[in-house]
Each structure stands twice: as structure tokens, then as C-alpha cells.
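The structure appears below as C-alpha cells.
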Amino acid sequence: MIFETNMGIAIKTLEGNYILKNFSAFNLNKINENSTSLNVSFLNNKILSLKIKCIFCENTHYYKYSIGELIRKDMIIGGCDMLGLPILYIGNCKIIENEILKHNKVNTRIYAMI
Ligand SMILES: [Zn+2]
């Protein structure tokens, strides 16, 4: 299945902000090269497999999503198994961008108050 190129993946950083990366079936290797905490692979052209080093519990968490599911749901949130906190957004790039802008603003405000 060919999926849209306006897909994105956002992971939470140690600073508490989310970093958004565009991804497609064609640039997964580049994402993996540029990231130490995230590894993405594509199974049988329809399952996206993610491996993420968690900033909360420091374990590695594994997620598998079907591309069909990602397209249908617009956005999926992946959480830390241990603490139930969100560490990952995946799906439509625009929707994720709006979502993490809210989070990043909140974080900036918190830092500013300190
Ligand atoms: Zn965790």
C-alpha cells in the first residue's frame, strides 16, 4: 500500500518538547540515521514498526501500526508502558503539528515561569 507523504512522527525529547519529522516509505533510513532514540522500519509494505528509547523510564518501547490504521485515524498516540505518558504521535503531519504546538507552547510557558 502506498501511503501519503504528508505523514509525520513526533517524539518527546528530554527537554519536554516534541520534535516532528516528516516520513514516507522512502525516507525511513534517513530518519533512523538522524535519530538516536527512534528506529523505524516498514514491514511487508503495510506495517510500520517503531522502536523508541523512552525518556521517562529509559526502557525501549516497541510499537506496530498498520498503514491503513494510521490513515484512517489521522493520529495515533503512543505511550510509555510503565507510566502511561504519551511519548509519540504518529499520523497526519498537519494534525500532529497542531497538537505538538499546543504542548510545546505549554512547556515554554512553564519554563518561562521558572
Ligand atoms: Zn517508558
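Please treat every number below as a calculation from the coordinates, not as lab data. Please read these numbers as outputs of a predicted model, since none were measured by experiment. Virtual Cβ from ideal backbone geometry, glycine too; neighbours counted across all protein chains shown.
Residues are listed down the side, and each one gets a yes or a no for (1) of a type in the set (K, R); (2) touching an Asp or Glu at 6+ places or on another chain (Cβ under 9 Å):
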| residue | (1), (2) |
| --- | --- |
| K30 | yes, no |
| G78 | no, no |
| M82 | no, no |
| I90 | no, no |
| I95 | no, yes |
| L101 | no, no |
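Give just the number: which of (1) of a type in the set (A, V, I, L, M, F, W, C); (2) touching a residue at least 24 places away in the same chain (Cβ under 8 Å); (3) away from the ligand (no atom under 16 Å from the Cβ) does L38 not satisfy?
Single failed check for L38: (3).
What single numbered condition from (1) surrounded by fewer than 17 Cβ atoms within 10 Å (Cβ to Cβ); (2) free of Cβ contacts under 8 Å to residues at least 40 places away in the same chain fails to hold for K94?
For K94, the failing item is (2).
How many residues does segment 16-45 contain that are out of contact with any Phe, Trp or Tyr (no Cβ under 9 Å at 6 or more places or on another chain), part of a loop (DSSP other than H, G, I, E, B) and more than 17 Å from E99 (Cα to Cα)?
Count: 7.
Could you check segment 46-66 and list, in sequence order, the residues that are assigned to a strand (DSSP E or B), farther than 17 Å from N22 by Cβ and within 16 Å of the ligand (Cβ to nearest atom)?
K51, I52, K53, T60, H61, Y62, Y63
Quick grid of which residues meet (1) loosely packed, with under 11 Cβ neighbours inside 10 Å; (2) closer than 18 Å to N6 by Cα:
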{"site": "N39", "(1), (2)": "no, no"}
{"site": "F42", "(1), (2)": "no, yes"}
{"site": "C57", "(1), (2)": "no, no"}
{"site": "Y65", "(1), (2)": "no, yes"}
{"site": "I76", "(1), (2)": "no, yes"}
{"site": "A112", "(1), (2)": "yes, no"}
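Within segment 78-91, take every residue that is of a type in the set (G, A, S) and crowded, with 17+ Cβ neighbours inside 10 Å and give me the one that is farthest from L38 (Cα to Cα).
First pass over segment 78-91, keeping only residues of a type in the set (G, A, S): 78-79, 84, 91.
The next check asks that each one be crowded, with 17+ Cβ neighbours inside 10 Å; those that pass are 78, 91.
Numbers: G78: 13, G91: 16 Å.
Among those that are of a type in the set (G, A, S) and crowded, with 17+ Cβ neighbours inside 10 Å, it is G91.
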